[in-house]
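The values are calculated or read from the model by the stated rules, or taken from the named source; none is laboratory data. The structure displayed is predicted, hence computed values, not measured ones. Methodologically, a virtual Cβ is constructed for each residue, glycine included, from the backbone with ideal geometry; neighbour enumeration extends over all protein chains shown. These area figures cover heavy atoms from the full protein model, side chains too; ligands, DNA and RNA do not enter into them. Shrake-Rupley method; radii C 1.70, N 1.55, O 1.52, S 1.80 Å.
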Amino acid sequence: MTDLQGKVALITGSARGIGRAIALRYAALGAHIVVNYSRDDAAANATVSAAQAAGAEAIAVRCDVSVVADLDALFRAGLERFGRLDIVVANAGVEIVNQPIVEVTEDQFDRLFAINTKGAFFTMQKAAQHVADGGRLIYVGSTTTHGAFPGAGCTAVARWPRSISSTSSRWRSAHGGVTVNSIEATAIDGAGVFTESGANDPLRKQIAATRPIGNRLGTPDDVADAAEYFASPLARWVSGQHLLITGGATQ
C-alpha cells in the first residue's frame, strides 16, 4: 500500500466529486489535507470531517481558483498550517455539455476559460513555486481534449492538460526531483455534469455504452487510483505523462 505519512496534499475543487475522492484517498494513506472549495461550506466541512476520521489532519480553504490572489491565499494557508506542501492536485474545473459550440455565449466561454485554463495554469504555477523537493504536481483534465463529442467543444478547448503539464515540468522537474503529470478522465459518475444525473439520462447511457470495460461511467475512485499512483514512490521516475482514465475507450 502507498505510504504518504508525513506528506501534505492540497487538492483544488475537493469538496465533492473527483477532488473529494482524491483527498480522502490521500488521507487514508496518511497525508494531511488542504481541502479547497469555491462555494459549498457544508460539503467542504464534510470532506474535512471524513479526512479527519481517516486519521489525517485537514483544513478547508475557500478560494476561487480563477482569482490569482485567492490562489496565493490558498497556498499560504496550507503552508502556514502544515509548514510544507508535497502534493498539489489541480482538479477544479467546470463543464458544459449539450451546448453546440455555435451557441456558446460569451459568459459561458469566459467562465470555462477562467476556471479550466487560467485557474489550472496558475494553480500549477503556484505549486511549482511552493512544493517541496521530491513533490508531485498532478493536473486532472478531460479526455474531451482528445476528441470532443458534440455539445462539449468549448469545454474541450478550455482544457489544456498537455500544455499545462509540460510547462510546469520545465519549471521544476529538472530541480528537486519534482514530477508533473496529468490525469485525463472520461465522464465520471458523481462528478461534473453527472453529479446529479439520473440513471435514465440519455447522455449517461450513450457514454456508458462506449466503454469497453464494464459498459459504465467512470467513478471518482477510478481517478483517485491514478492520483494515488502518481503520488506514490512507484511514480518517482514518471514525469510529463498524460494518463487516460476511460475504461478502454479512446476518449
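If packing is taken as the average number of other Cβ atoms within 10 Å across a peptide's residues, how do 235-244, 125-134 rank, most packed first?
125-134, 235-244
Could you provide, to the nearest whole Å², the per residue accessible area of the range 21-130 with probe 1.4 Å?
Per residue, the range 21-130 has 44 Å² of solvent-accessible surface.
Between Lys118 and Asp133, what is the label-to-label distance in nm when each label sits 7 Å out along the Cα-to-Cβ direction?
3.6
Can you work out the FRET efficiency for the pair Asn45 and Phe109, with r the C-beta to C-beta distance and R0 = 35 Å, to the nearest 0.05?
The calculated FRET efficiency here is 0.60.
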